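The values are calculated or read from the model by the stated rules, or taken from the named source; none is laboratory data. Just so you know, these numbers come straight off a predicted model, no measurement behind them. Virtual Cβ from ideal backbone geometry, glycine too; neighbours counted across all protein chains shown.
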Amino acid sequence: MRHLFLKIRIHPVFWIVVGIGLFTGHFWEVCTIVFIVFIHECGHGISALIFGWHVESIQLLPFGGVAKVDNHVDKPAYQELIVTISGPIQHLWLPLVSYLLLNTGVWNSENHQLFLFYNKMILVFNLLPIWPLDGGKILRIILQKYLPFMKAYTWTLLLSCLQLGCLSTFVLLNFPFTLNYFVISGFILISIYRDWIERRFIFIRFLLSKWNNTVGTKKVRTRYIQGNLSIVKALHLLYKSSQSRYRIMGMSHNEINEIEERDILNAYFNGQYNGKTLNDIKNGVVT
């Protein structure tokens, strides 16, 4: 636990929101948010350590935080899901703590209601399906079950950007002076943009994890495709939730018409993919 605490970092955006709260005379609100966010992130961090993940750092943010791990693309989906929801789950028992404090004399009814409000607000906001909120991570995990990795990751970012735009428009029209929200949404937009720029790098890391067989999935998904499909395009059809087997259409039963994802990954990482197709792998031109 002490090792986990040493990895906690406070993001500058968090200090901005705290500063706004203190400047406007909302000391108890600031203390409440700091405590709730801290417990939220402990939930993420502890569950990650239980699964043996290497946690590089935990950044505290006004809406929760970001647990940075060495490589999330090679983690099983069930572990990703548990680590993701371990933060929001903490919000379920926190109201009980506030209720028990009512009998201590240091916590009054007003403090209790304030605590309940911010606990619910942070929970609901964090579960919005917008990357990199926990809701956005859950969205990505669900999409990766049904879509190829790259398509799921791309759609997660695009849908997050769309939903953030709709939410910001609603807030602007109804609560135009909510400064904290626009500070937080600005951070979220920057995060989405940064991950969009780095999506190809993330894809390479995914391919490496597949090639090194660190994803650890045994489910096989068979796809019927044309033999003239390029190796690069075939790579974009790989799933995180399963292994892929390509069955080439239009071939006789006497010919070998199946190609494993391992063959495609070998061709890619051996540098034999430029301008090559699945037919080249089948015919032995690419090994």
> Among (1) closer than 24 Å to V73 by Cα; (2) part of a helix (DSSP H, G or I), which single condition is I130 missing?
Replying inline: (2)
> Within the group V106, V97, which residue is part of a helix (DSSP H, G or I), in the same structural domain as L157 (by TED's automatic domain parsing), on the phi < 0 side of the Ramachandran plot and among the hydrophobic types (A, V, I, L, M, F, W, C)?
Replying inline: V97
> Is there any pair with a first residue in the stretch 112-130 that is in the same structural domain as F35 (by TED's automatic domain parsing) and a second that is among the acidic types (D, E) whose Cβ atoms are under 6 Å apart and which are 6 or more apart or on different chains, and what are they?
Replying inline: N126/D134
> Can you tell me which of G65, G136, G105, G87 is crowded, with 20+ Cβ neighbours inside 10 Å and modelled with pLDDT under 90?
Replying inline: G65
>> Let me confirm something: among I231, I197, which residue is farther than 25 Å from G135 by Cα, at pLDDT 85 or above and among the hydrophobic types (A, V, I, L, M, F, W, C)?
In response: I231
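Mind checking whether some residue in the stretch 46-59 is assigned by TED's automatic domain parsing to the domain that holds L94, in contact (Cβ under 8 Å) with a residue 40 or more places away in the chain and among the polar types (S, T, N, Q)?
As a first pass, look at the stretch 46-59 and keep what is assigned by TED's automatic domain parsing to the domain that holds L94: 46-59.
Narrowing further to those that are in contact (Cβ under 8 Å) with a residue 40 or more places away in the chain: 46, 49, 55-59.
Cutting the leftovers down to among the polar types (S, T, N, Q) gives us 57, 59.
The answer is yes; a qualifying residue exists.
Would you point out which residue out of S185, S160 is hydroxyl-bearing (S, T, Y), at pLDDT below 90 and within 26 Å of the chain's Cα centre (by Cα)? Show your work before the answer.
Working: S160 fails: at pLDDT below 90.
Testing whether each residue is hydroxyl-bearing (S, T, Y), at pLDDT below 90 and within 26 Å of the chain's Cα centre (by Cα) leaves just S185.
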